[in-house]
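Chemist: Have a look at this one.
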Amino acid sequence: MSSSQNNHPETIPNQPKHVGIIMDGNGRWAKIRGKRRIFGHEAGVLKARELVETAVKIKLEALTLYAFSSENWSRPKKEVSGLMSLFEKTIEKYTSLLIDNNVRFKTAGDPSTLPDVLKRKLEQMESITSENSGLKLTLAIAYGGQQEIINGIKKLIDDHDNQIIDVNDLTVESFNEYLSFNDLPELDLIIRTSGETRLSNFMLWQSAYSEIHFTETLWPNFEEQEFLEILQTYSLSERRFGNVDEDTELKEA
Ligand code: IPE
Ligand code: IPE
Ligand code: MG
(Lines give C-alpha, C1' and ligand atoms only; values in the text may rest on other atoms or scores of the structure.)
(Ligands and ions follow the chains in the order given, each with its own letter.)
Protein backbone atom coordinates (compact mmCIF):
# COMPACT_ATOMS: atom_id res chain seq x y z
CA MET A 1 0.00 0.00 0.00
CA SER A 2 1.43 3.40 -0.94
CA SER A 3 1.71 5.91 1.87
CA SER A 4 -0.92 8.11 0.21
CA GLN A 5 -3.50 5.36 0.65
CA ASN A 6 -2.46 4.74 4.20
CA ASN A 7 -4.49 6.28 7.01
CA HIS A 8 -1.26 6.75 8.95
CA PRO A 9 1.17 8.13 6.40
CA GLU A 10 4.83 8.06 7.23
CA THR A 11 7.43 10.68 6.52
CA ILE A 12 8.14 10.80 2.76
CA PRO A 13 11.84 10.49 1.84
CA ASN A 14 13.21 13.95 0.83
CA GLN A 15 9.94 15.59 1.73
CA PRO A 16 10.04 19.39 1.92
CA LYS A 17 10.94 20.91 5.26
CA HIS A 18 8.72 23.97 4.94
CA VAL A 19 5.44 24.11 3.02
CA GLY A 20 3.33 27.25 2.55
CA ILE A 21 -0.31 26.95 1.54
CA ILE A 22 -2.42 29.67 -0.09
CA MET A 23 -5.81 28.35 1.00
CA ASP A 24 -8.01 29.73 -1.76
CA GLY A 25 -11.49 28.94 -3.08
CA ASN A 26 -13.72 29.00 0.01
CA GLY A 27 -16.10 31.55 -1.51
CA ARG A 28 -16.56 29.63 -4.76
CA TRP A 29 -17.03 26.38 -2.82
CA ALA A 30 -19.89 28.00 -0.87
CA LYS A 31 -21.39 29.59 -3.99
CA ILE A 32 -21.65 26.23 -5.77
CA ARG A 33 -23.72 25.07 -2.79
CA GLY A 34 -25.92 28.15 -2.83
CA LYS A 35 -24.54 29.22 0.56
CA ARG A 36 -23.01 32.40 1.92
CA ARG A 37 -19.23 32.88 1.67
CA ILE A 38 -18.74 32.49 5.43
CA PHE A 39 -20.02 28.90 5.11
CA GLY A 40 -17.07 28.27 2.79
CA HIS A 41 -14.66 29.83 5.27
CA GLU A 42 -16.01 27.55 8.02
CA ALA A 43 -15.41 24.54 5.79
CA GLY A 44 -11.94 25.94 5.07
CA VAL A 45 -11.09 25.99 8.77
CA LEU A 46 -12.03 22.31 9.12
CA LYS A 47 -9.79 21.55 6.16
CA ALA A 48 -6.90 23.49 7.71
CA ARG A 49 -7.30 21.46 10.89
CA GLU A 50 -7.18 18.21 8.88
CA LEU A 51 -4.03 19.24 7.03
CA VAL A 52 -2.29 20.32 10.24
CA GLU A 53 -2.95 16.83 11.59
CA THR A 54 -1.47 15.31 8.43
CA ALA A 55 1.58 17.57 8.73
CA VAL A 56 2.06 16.37 12.31
CA LYS A 57 1.69 12.71 11.26
CA ILE A 58 4.32 12.93 8.52
CA LYS A 59 6.60 15.00 10.77
CA LEU A 60 6.75 18.01 8.49
CA GLU A 61 9.08 20.56 10.07
CA ALA A 62 7.16 23.73 9.18
CA LEU A 63 3.77 24.60 7.72
CA THR A 64 2.67 28.15 6.94
CA LEU A 65 -0.99 28.80 6.19
CA TYR A 66 -2.12 31.98 4.45
CA ALA A 67 -5.40 32.80 6.17
CA PHE A 68 -5.97 36.52 5.54
CA SER A 69 -4.00 38.95 3.41
CA SER A 70 -3.38 42.66 3.97
CA GLU A 71 -5.51 43.18 0.86
CA ASN A 72 -8.40 41.10 2.24
CA TRP A 73 -9.31 44.08 4.48
CA SER A 74 -10.93 45.58 1.39
CA ARG A 75 -13.60 42.83 1.26
CA PRO A 76 -17.17 43.67 2.33
CA LYS A 77 -17.37 44.58 6.04
CA LYS A 78 -19.66 41.68 6.81
CA GLU A 79 -17.29 39.09 5.37
CA VAL A 80 -14.31 40.63 7.20
CA SER A 81 -16.08 40.66 10.57
CA GLY A 82 -17.35 37.12 9.97
CA LEU A 83 -13.79 36.00 9.29
CA MET A 84 -12.43 37.76 12.39
CA SER A 85 -14.94 36.05 14.65
CA LEU A 86 -14.30 32.72 12.91
CA PHE A 87 -10.56 33.12 13.59
CA GLU A 88 -11.32 33.84 17.26
CA LYS A 89 -13.53 30.77 17.63
CA THR A 90 -10.97 28.65 15.81
CA ILE A 91 -8.14 29.67 18.11
CA GLU A 92 -10.25 28.83 21.16
CA LYS A 93 -11.42 25.53 19.76
CA TYR A 94 -8.04 24.23 18.63
CA THR A 95 -5.66 25.38 21.36
CA SER A 96 -5.72 21.99 23.09
CA LEU A 97 -5.31 20.17 19.76
CA LEU A 98 -2.10 22.11 19.11
CA ILE A 99 -0.82 21.50 22.62
CA ASP A 100 -1.58 17.75 22.45
CA ASN A 101 0.26 17.52 19.13
CA ASN A 102 3.35 19.40 20.35
CA VAL A 103 2.79 22.13 17.70
CA ARG A 104 4.61 25.46 18.03
CA PHE A 105 2.27 28.18 16.83
CA LYS A 106 3.26 31.62 15.55
CA THR A 107 1.69 34.32 13.43
CA ALA A 108 3.08 36.49 10.66
CA GLY A 109 1.48 39.74 9.63
CA ASP A 110 0.50 43.05 11.14
CA PRO A 111 -1.22 42.29 14.48
CA SER A 112 -1.95 45.99 15.09
CA THR A 113 -4.66 45.83 12.42
CA LEU A 114 -6.49 42.92 14.08
CA PRO A 115 -9.33 43.26 16.61
CA ASP A 116 -7.94 43.38 20.19
CA VAL A 117 -9.61 40.18 21.37
CA LEU A 118 -8.26 38.18 18.43
CA LYS A 119 -4.81 39.70 18.85
CA ARG A 120 -4.74 38.68 22.52
CA LYS A 121 -5.90 35.13 21.74
CA LEU A 122 -3.24 34.73 19.07
CA GLU A 123 -0.56 36.01 21.47
CA GLN A 124 -1.78 33.57 24.15
CA MET A 125 -1.62 30.66 21.73
CA GLU A 126 1.92 31.69 20.72
CA SER A 127 3.09 31.85 24.30
CA ILE A 128 1.38 28.62 25.45
CA THR A 129 2.96 26.65 22.58
CA SER A 130 6.32 28.44 22.41
CA GLU A 131 8.29 25.57 24.01
CA ASN A 132 6.77 22.88 21.82
CA SER A 133 9.26 21.02 19.65
CA GLY A 134 7.02 19.51 16.95
CA LEU A 135 5.51 21.07 13.82
CA LYS A 136 6.25 24.79 13.45
CA LEU A 137 2.87 26.14 12.39
CA THR A 138 2.64 29.75 11.22
CA LEU A 139 -0.61 31.51 10.46
CA ALA A 140 -0.15 34.36 7.99
CA ILE A 141 -2.93 36.69 9.07
CA ALA A 142 -3.28 40.34 8.08
CA TYR A 143 -0.11 39.44 6.19
CA GLY A 144 1.39 40.88 3.00
CA GLY A 145 4.81 40.05 1.58
CA GLN A 146 5.47 43.60 0.34
CA GLN A 147 4.47 45.07 3.74
CA GLU A 148 6.79 42.56 5.45
CA ILE A 149 9.73 43.73 3.32
CA ILE A 150 8.95 47.42 3.97
CA ASN A 151 8.78 46.76 7.74
CA GLY A 152 12.10 44.95 7.50
CA ILE A 153 13.66 47.95 5.76
CA LYS A 154 12.33 50.28 8.48
CA LYS A 155 13.92 48.11 11.20
CA LEU A 156 17.14 48.00 9.19
CA ILE A 157 17.23 51.80 8.92
CA ASP A 158 16.69 52.03 12.70
CA ASP A 159 19.61 49.66 13.30
CA HIS A 160 21.71 51.63 10.85
CA ASP A 161 20.88 54.91 12.63
CA ASN A 162 21.81 53.28 15.95
CA GLN A 163 25.05 51.99 14.42
CA ILE A 164 24.05 48.36 14.98
CA ILE A 165 24.58 47.46 11.33
CA ASP A 166 26.95 48.77 8.69
CA VAL A 167 25.24 48.90 5.28
CA ASN A 168 28.31 47.28 3.72
CA ASP A 169 27.63 44.18 5.82
CA LEU A 170 24.14 43.76 4.41
CA THR A 171 23.65 40.41 2.70
CA VAL A 172 20.70 38.24 1.73
CA GLU A 173 21.25 36.27 4.96
CA SER A 174 21.54 39.30 7.23
CA PHE A 175 18.49 41.00 5.70
CA ASN A 176 16.52 37.83 6.35
CA GLU A 177 16.90 38.58 10.08
CA TYR A 178 14.71 41.66 9.63
CA LEU A 179 11.84 39.63 8.21
CA SER A 180 9.25 37.18 9.52
CA PHE A 181 9.76 33.41 9.29
CA ASN A 182 13.50 33.83 9.95
CA ASP A 183 13.58 30.96 12.45
CA LEU A 184 12.08 28.53 9.93
CA PRO A 185 13.74 26.36 7.29
CA GLU A 186 13.66 27.69 3.72
CA LEU A 187 10.27 27.72 2.05
CA ASP A 188 10.64 24.65 -0.16
CA LEU A 189 7.15 24.39 -1.57
CA ILE A 190 4.10 26.61 -2.04
CA ILE A 191 0.71 25.08 -2.80
CA ARG A 192 -2.15 27.27 -4.05
CA THR A 193 -5.61 25.81 -4.38
CA SER A 194 -8.57 26.98 -6.53
CA GLY A 195 -6.81 27.31 -9.89
CA GLU A 196 -5.47 30.85 -9.48
CA THR A 197 -1.87 31.02 -10.64
CA ARG A 198 -0.49 33.95 -8.65
CA LEU A 199 1.13 34.50 -5.25
CA SER A 200 -1.21 37.29 -4.09
CA ASN A 201 1.49 38.88 -1.90
CA PHE A 202 2.45 35.63 -0.13
CA MET A 203 6.02 35.25 1.19
CA LEU A 204 7.59 37.22 -1.68
CA TRP A 205 11.11 37.27 -0.25
CA GLN A 206 11.08 33.66 0.94
CA SER A 207 9.67 32.25 -2.31
CA ALA A 208 12.80 33.09 -4.36
CA TYR A 209 13.56 29.39 -4.91
CA SER A 210 10.36 27.69 -3.81
CA GLU A 211 8.69 25.10 -5.98
CA ILE A 212 5.14 26.26 -6.68
CA HIS A 213 2.25 23.86 -7.17
CA PHE A 214 -1.10 25.13 -8.40
CA THR A 215 -4.14 22.88 -8.15
CA GLU A 216 -7.68 23.43 -9.41
CA THR A 217 -9.11 21.93 -6.22
CA LEU A 218 -11.05 24.41 -4.09
CA TRP A 219 -9.58 24.59 -0.59
CA PRO A 220 -12.49 22.91 1.27
CA ASN A 221 -12.18 19.96 -1.15
CA PHE A 222 -8.41 19.58 -0.77
CA GLU A 223 -7.82 16.06 0.55
CA GLU A 224 -4.92 14.56 2.46
CA GLN A 225 -4.25 12.25 -0.48
CA GLU A 226 -3.68 15.17 -2.89
CA PHE A 227 -1.44 16.87 -0.34
CA LEU A 228 0.69 13.72 0.02
CA GLU A 229 0.88 13.29 -3.75
CA ILE A 230 2.14 16.88 -4.13
CA LEU A 231 4.77 16.24 -1.45
CA GLN A 232 5.82 13.06 -3.24
CA THR A 233 6.16 14.91 -6.57
CA TYR A 234 8.25 17.54 -4.81
CA SER A 235 10.49 14.88 -3.29
CA LEU A 236 11.32 13.65 -6.81
CA SER A 237 11.99 17.12 -8.23
CA GLU A 238 15.50 18.35 -8.82
CA ARG A 239 16.20 21.82 -7.47
CA ARG A 240 19.26 23.40 -9.02
CA PHE A 241 19.37 26.82 -7.28
CA GLY A 242 20.91 28.41 -10.39
CA ASN A 243 23.52 25.69 -10.75
CA VAL A 244 23.64 22.93 -13.37
CA ASP A 245 23.07 19.22 -13.06
CA GLU A 246 26.51 17.64 -12.39
CA ASP A 247 26.04 15.17 -15.26
CA THR A 248 24.85 17.78 -17.79
CA GLU A 249 28.26 18.17 -19.45
CA LEU A 250 28.80 14.44 -19.74
CA LYS A 251 25.33 13.93 -21.23
CA GLU A 252 25.90 16.77 -23.69
CA ALA A 253 29.38 15.54 -24.71
C1 IPE B 1 -9.69 32.19 0.57
O2 IPE B 1 -10.90 31.95 -0.07
C3 IPE B 1 -9.91 32.63 1.99
C4 IPE B 1 -9.57 34.03 2.26
C5 IPE B 1 -8.98 34.84 1.43
C6 IPE B 1 -9.93 34.55 3.55
P7 IPE B 1 -11.66 33.10 -0.88
O8 IPE B 1 -12.58 33.78 0.08
O9 IPE B 1 -10.70 33.96 -1.56
O10 IPE B 1 -12.50 32.23 -1.90
P11 IPE B 1 -12.77 32.59 -3.43
O12 IPE B 1 -11.45 32.84 -4.07
O13 IPE B 1 -13.64 33.80 -3.44
O14 IPE B 1 -13.45 31.37 -3.97
C1 IPE C 1 -5.15 35.09 -1.22
O2 IPE C 1 -6.41 34.81 -1.72
C3 IPE C 1 -5.22 35.27 0.26
C4 IPE C 1 -5.54 34.09 1.04
C5 IPE C 1 -5.77 32.88 0.59
C6 IPE C 1 -5.61 34.31 2.44
P7 IPE C 1 -7.31 35.93 -2.41
O8 IPE C 1 -8.52 35.22 -2.89
O9 IPE C 1 -7.53 37.04 -1.46
O10 IPE C 1 -6.39 36.43 -3.57
P11 IPE C 1 -6.77 37.11 -4.96
O12 IPE C 1 -7.70 38.24 -4.64
O13 IPE C 1 -7.45 36.04 -5.76
O14 IPE C 1 -5.48 37.50 -5.55
MG1 MG D 1 -9.84 33.89 -3.40
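Chemist: Mind checking which residues of region 31-42 are part of a helix (DSSP H, G or I) and open to solvent by 20 Å² or more (accessible area, probe 1.4 Å)?
Modeler: Scanning region 31-42 gives Lys31, Ile32, Arg37, Ile38, Phe39, Glu42.
Chemist: What are the residue pairs meeting all of these: first residue in region 148-161, first residue exposed (fewer than 15 other Cβ atoms within 10 Å of the Cβ), second residue assigned to a helix (DSSP H, G or I), Cβ atoms under 7 Å, and 6 or more apart or on different chains?
Modeler: His160/Val167
Chemist: Further question: Please tell me if Ile190 is touching a Phe, Trp or Tyr at 6+ places or on another chain (Cβ under 8 Å), within 16 Å of ligand 2 (Cβ to nearest atom) and among the aliphatic types (A, V, I, L, M).
Modeler: So Ile190 fits the description; yes.
Chemist: Could you grab me the full set of residues in region 49-72 that are in contact with a His (Cβ under 9 Å, 6 or more places away or on another chain) and open to solvent by less than 10 Å² (accessible area, probe 1.4 Å)?
Modeler: Within region 49-72, Leu60, Ala62, Leu63, Thr64 qualify.
Chemist: Return the only residue of Leu46, Leu98 being exposed (fewer than 14 other Cβ atoms within 10 Å of the Cβ), assigned to a helix (DSSP H, G or I) and of a type in the set (A, V, I, L, M, F, W, C).
Modeler: Leu46
Chemist: Among the residues of region 223-246, write down those that are open to solvent by 90 Å² or more (accessible area, probe 1.4 Å) and part of a loop (DSSP other than H, G, I, E, B).
Modeler: Glu223, Glu238, Arg240, Phe241, Asn243, Val244, Glu246
Chemist: Could you check how many residues of region 200-222 are in a loop (DSSP other than H, G, I, E, B) and over 18 Å from Ala62 (Cβ atoms)?
Modeler: Final tally of qualifying residues: 7.
Chemist: Another question about this same structure. Starting from residues that are crowded, with 19+ Cβ neighbours inside 10 Å, within 16 Å of ligand 3 (Cβ to nearest atom) and hydroxyl-bearing (Ser, Thr, Tyr), keep the ones in region 183-214 and report whichever is nearest to Thr107 (Cα to Cα).
Modeler: This residue is Thr193.
Listed here are the residues, each with its yes/no results for (1) in contact with a strand residue (DSSP E or B) (Cβ under 9 Å, 6 or more places away or on another chain); (2) within 30 Å of Asp183 (Cβ to Cβ).
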| site | (1), (2) |
| --- | --- |
| Thr11 | no, yes |
| Pro16 | yes, yes |
| Asn26 | no, yes |
| Arg37 | no, no |
| Glu61 | yes, yes |
| Ser70 | yes, yes |
| Lys78 | no, no |
| Ser96 | no, yes |
| Asn101 | no, yes |
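Chemist: State all residues of region 101-131 that are open to solvent by less than 40 Å² (accessible area, probe 1.4 Å), free of Cβ contacts under 8 Å to residues at least 40 places away in the same chain and outside any strand (DSSP E or B); if no residue qualifies, say none.
Modeler: Leu114, Leu118, Leu122, Met125, Thr129, listed by residue number.
Per-residue answers, yes or no, for (1) without any contact (Cβ under 8 Å) to a residue 12 or more places away in the chain; (2) in contact with a Phe, Trp or Tyr (Cβ under 9 Å, 6 or more places away or on another chain); (3) under 30 Å from Gly134 (Cα atoms):
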position	(1), (2), (3)
Ile12	no, yes, yes
Ile21	no, yes, yes
Gly27	no, no, no
Ile38	no, no, no
Lys59	no, no, yes
Glu79	no, no, no
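Chemist: Being of a type in the set (D, E, K, R), more than 16 Å from ligand 3 (Cβ to nearest atom) and surrounded by 11 or more Cβ atoms within 10 Å (Cβ to Cβ), is that true of even one residue in region 166-182?
Modeler: Checked against the condition, which is being of a type in the set (D, E, K, R), more than 16 Å from ligand 3 (Cβ to nearest atom) and surrounded by 11 or more Cβ atoms within 10 Å (Cβ to Cβ), region 166-182 yields at least one hit.
The values are calculated or read from the model by the stated rules, or taken from the named source; none is laboratory data. This structure is a prediction, so every number in the text was calculated from the model and none was measured. Neighbour counts run over all protein chains shown; Cβ positions are idealised from the backbone, glycine included. SASA here: full protein model, heavy atoms, side chains in, ligands and nucleic acids out. Shrake-Rupley method; radii C 1.70, N 1.55, O 1.52, S 1.80 Å.
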